[in-house]
Amino acid sequence: MISMINNEQQPQYFLQIPMFLNGLGLTTTDKQVYAAAYTMLNVNKICFMSNARIAEVVEVKPNTVAHSISKLVDMNLLKRKLVYKEGTKEVDKRYLYLPDTPLDENTLPHVSEYNTPLYKNTKPHVSEYKDNRLLNKSINRLNNNMSSSNEHDHSDAKEIIAYLNDKADKHFRNTQSNYKTIEARLKDYSIDDLKSVIDNKCSSWLNTDMDKYLRIETLFRASKIDGYLNEKIDTRNTGGEVHGIDF
């Protein structure tokens, strides 16, 4: 189901995540970004959602979406068409489409066309389905399943805990409190980002007097993670004095 907000289409209620994405080394965020585009592609054959709009759907930052899209394009899972402002190198529009779907540049939509009856009439709205019991039942079942699944499926958090235990020789357990801390950060950062934080801090803290701070609540504290992620790795690991650490 596709809705239109602020002249820009986006998936609503459902994201279609193809099974062939499994085993390709994609993060959960990569798959969700692909799913947002793929869901729209199934309706329009082309996706013109911006990074900001996809970020709203997937609940991550726009720069995270940009990173995922570049990764998906590099893997030939998506194709990208950039349209520049006339006479400049400034990007005006960005279209996504499937590799096996030829792009007819003569039929590319323009922003001014989004409000035409053609586009309006092809966008279903919730109000149109208020009496559709089958659809409402499906949506309710989907919401219930998602709530149940989210309650029990902590595979991403478990992956981070296992990675930390392996890198830092720790024994953190798969507990709800650890899941909560990690999953809160996964709303804004990718799994690879969290692993990089672990790598960075293990490089400088492992086997030093700071070793005790190689723990989940320290590494993934909201106020600290961005700094840890952007640190240059200290390969010397000398155990020298560390400044500016506020635990």
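The values are calculated or read from the model by the stated rules, or taken from the named source; none is laboratory data. Values in this document were obtained by computation on a predicted structure and should not be read as measured data. Counting neighbours? That spans all protein chains shown, and the Cβs are built from the backbone with ideal geometry, glycine included.
Screening the range 55-79 for residues that are charged (D, E, K, R) and closer than 13 Å to ALA36 by Cα and picking the one that is farthest from the chain's Cα centre (by Cα) gives GLU56.
Looking at VAL33, is it at pLDDT 85 or above and assigned to a loop (DSSP other than H, G, I, E, B)?
It is false that VAL33 is at pLDDT 85 or above and assigned to a loop (DSSP other than H, G, I, E, B).
Within the range 14-37, being surrounded by 14 or more Cβ atoms within 10 Å (Cβ to Cβ), free of Cβ contacts under 8 Å to residues at least 40 places away in the same chain and not polar (S, T, N, Q) holds for ILE17, LYS31, VAL33, ALA35, ALA36. None of LEU103, LEU82, LEU108, LEU118 is modelled with pLDDT of 80 or more and either surrounded by 15 or more Cβ atoms within 10 Å (Cβ to Cβ) or of a type outside the set (Ser, Thr, Tyr) (or both) except LEU82. Do we find that VAL60 is part of a loop (DSSP other than H, G, I, E, B) and modelled with pLDDT of 85 or more in this structure? Spelling it out, VAL60 is indeed part of a loop (DSSP other than H, G, I, E, B) and modelled with pLDDT of 85 or more. Would the range 12-25 turn up any residue that is at pLDDT 90 or above and aliphatic (A, V, I, L, M)? No, every residue in the range 12-25 fails to be at pLDDT 90 or above and aliphatic (A, V, I, L, M).
Per-residue answers, yes or no, for (1) touching a Pro at 6+ places or on another chain (Cβ under 8 Å); (2) polar (S, T, N, Q):
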residue: ASN22; (1), (2): no, yes
residue: GLN32; (1), (2): no, yes
residue: ALA37; (1), (2): no, no
residue: LEU41; (1), (2): no, no
residue: ILE46; (1), (2): yes, no
residue: ASN51; (1), (2): yes, yes
residue: ALA55; (1), (2): yes, no
residue: THR64; (1), (2): no, yes
residue: LEU77; (1), (2): yes, no
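Among residues of the range 202-224 being closer than 16 Å to ASN165 by Cα and under 24 Å from the mean Cα position of the chain (by Cα), the one that is surrounded by the fewest Cβ atoms within 10 Å (Cβ to Cβ) is GLU217.
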